[in-house]
Amino acid sequence: MTVLEVDIPAWAALLTAALVLFGSTLALIGCIGLLKFSTFYERLHAPTLGSTLGLWSVLIGSMVFFSAHQTRPVVYELLIGIFVTVTTPVTMLLLSQTTLYRDRLEGRDPLSENPDPIDKTG
């Protein structure tokens, strides 16, 4: 069995571990939100936020690790982050508009329904 040894400074290892742990925690919170919310529109919100911030944390951790390991700046992960940051909100918008259109064709208007009305009478 071959053991891969990577010599990186302790500060880089700790920073990488913290960033990856933070990013994976945000992704987990997004997944839990996906399971907890009841409607499709609510379920869109949690994974979108978790994926964007969680992804950036993991990518920055990856940049720190590989920059310390290769002793040169590694920045190609920025392209991944930019593409995901641009495409995630666009995808969420297209999914929500498509679902809203489908609901209205079926005679439902989820925007006019208020499941938890606030008593404004006083």
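Each reported figure results from applying straightforward, stated rules to the coordinates on display, with no laboratory input. Not measured: the values here are computed from a predicted model. In this analysis, Cβ positions are derived from the backbone assuming ideal geometry, glycine residues included, and neighbour counts consider all displayed protein chains.
Using Cα pairs closer than 8 Å and at least 6 residues apart in sequence, work out the relative contact order for the chain, in percent.
Values: 94 pairs, mean separation 29.6, N = 122.
In percent, rounded to a whole number, it is 24.
Which of the trypsin sites (Lys or Arg not before Pro) found in the range 18-113 are in a DSSP loop and have at most 13 neighbouring Cβ atoms, other than their own, within 10 Å?
Details: sites: Lys36, Arg43, Arg102, Arg104, Arg108; in loops: Arg108.
Passing sites in the range 18-113 are Arg108.
I want to check the label-to-label distance for Ala17 and Ile80. Put each point 7 Å from Cα in the C-beta direction and report it in nm to one decimal.
Rounded to a tenth, the inter-label distance reads 2.1 nm.
Based on the Kirkwood radius over alpha-carbon pairs, what is the Stokes-Einstein translational diffusion coefficient of the chain at 25 °C with 0.890 mPa s viscosity, in µm²/s? Before the final figure, lay out the partial values.
Details: Rh = 17.5 Å.
Rounded to a whole number, D works out at 140 µm²/s.
In percent, how large is the relative contact order of the range 14-71, given Cα pairs closer than 8 Å and 6 or more residues apart?
Values: 56 pairs, mean separation 28.1, N = 58.
Once divided by the residue count of the range 14-71, the mean separation gives 49 percent.
So how strong a dipole does the chain carry about its Cα centre when Lys and Arg Cβ are +1 and Asp and Glu Cβ are -1, to the nearest 20 debye?
Working: 7 positive and 10 negative charges, 24 e Å.
Using only the charged Cβ atoms, the result is roughly 120 debye.
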